[in-house]
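> Below are the structure tokens for one structure; questions will follow.
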Amino acid sequence: MAPRNSLRLSRLTLLYLGLITFTLIVGTIVNADCDSTCCYPPVESRTAGKAWPPDATVNVYISSTDFPTDGEQNAIKKAFTNWQNAAGTPGNGSNVSFNFVITPNPPVQGTAENQFIVKRGETTNGAYSNVGTNATVVQSAMTYIDPEVTNWDVMTDTMAHEIGHTFGLGDLPLSGLHSGRINHGAKNLQRITILRGLYTIF
């Protein structure tokens with residue numbers, strides 16, 4: 001019986017050491033961006049951290065062809081409204097607001113400044129955003145939400161995640177997609193110092 005117990009102990013020891021190693025690796029990856037209550041996303045590398053101009057009114061075009069129900073449209077609006085509500089001085093300091101346009105024919109991205117288009121489109125991870133910039137600020141954005149994202153709460157969280165990219169925020173390490181779980185949307189805006197720096201609010 002002793003050898004069998006010894007083998008079992010060895011396996012448990014290896015499992016324990018493996019869990020410790022995994023924990024240390026994950027801790028190293030996210031340590032720079034996390035504290036005990038929140039993880040802060042890094043700068044969005046695709047845009048070098050550019051964001052909407054301060055005090056901008058961004059026209060949000062939601063495709064009624066792709067999102068025909070009130071529930072879908074309201075889920076998308078909610079994400080933008082949450083960001084807008086956190087845009088004041090105690091929040092991210094941007095004073096960016098959003099104006100909604102529900103239309104079967106959204107404009108082509110880049111045909112106007114301060115333009116955000118939301119449509120359906122197949123993606124590899126649930127959603128994808130193309131953010132257009134000039135030398136200093138974000139000018140336009142196009143978000144594609146995968147047709148498989150149908151739950152309204154998930155849609156709101158997914159949209160909030162994508163809006164974060166237009167405020168200069170990148171993806172959190174190991175966050176995956178629908179990260180209302182590690183959402184860099186409006187829930188944590190008052191704690192995201194990087195946004196306050198972008199809009200010179202300290």
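> How much of the accessible area of region 101-158, probe 1.4 Å, is carbon plus sulfur, in whole percent?
Values: 1440 of 2980 Å².
Of all accessible area on region 101-158, carbon and sulfur atoms account for 48 percent.
> Which of the aspartates and glutamates could be linked to K119 by a straight reach, that is with a Cα gap under 19 Å, when you skip same-chain ones fewer than 8 residues away?
Leaving aside aspartates and glutamates fewer than 8 places away in the same chain, those within reach of K119 are D66, D70, E72, D146, E148, D153, D157, E162.
> Sticking with this one: Using amide H atoms built 1.01 Å from N in the peptide plane, name the residues 5+ places from G49, or on other chains, whose amide H lies under 5 Å from its own.
Hits under the 5 Å cutoff: E44.
> Determine ³J(HN,Hα), in whole Hz, for all residues of region 78-88 in sequence, where each value follows from phi through the Karplus function 6.51 cos²θ - 1.76 cosθ + 1.60 and θ = phi - 60°; x replaces Gly and Pro.
4, 4, 5, 5, 4, 5, 4, 5, 9, 8, x
> May I ask you to compute the full-extension gain from A112 to N134, defined as 0.36 nm times their residue separation minus their alpha-carbon distance, rounded to one decimal in nm? Let's see the in-between values first.
Values: separation 22, 0.36 × 22 = 7.92 nm, distance 1.25 nm.
Length gained, A112 through N134: 6.7 nm.
> Something else about it: Hey, can you grab everything whose amide H is under 5 Å from the amide H of A127? Only 5+ residues off in sequence or another chain; H modelled, so Pro and N-termini drop out.
D146
The values are calculated or read from the model by the stated rules, or taken from the named source; none is laboratory data. Because the structure is a prediction, the values reported are computed rather than measured. When the accessible area is computed, the model is the full protein with side chains, heavy atoms only, and any ligands, DNA or RNA have been set aside. Shrake-Rupley method; radii C 1.70, N 1.55, O 1.52, S 1.80 Å.
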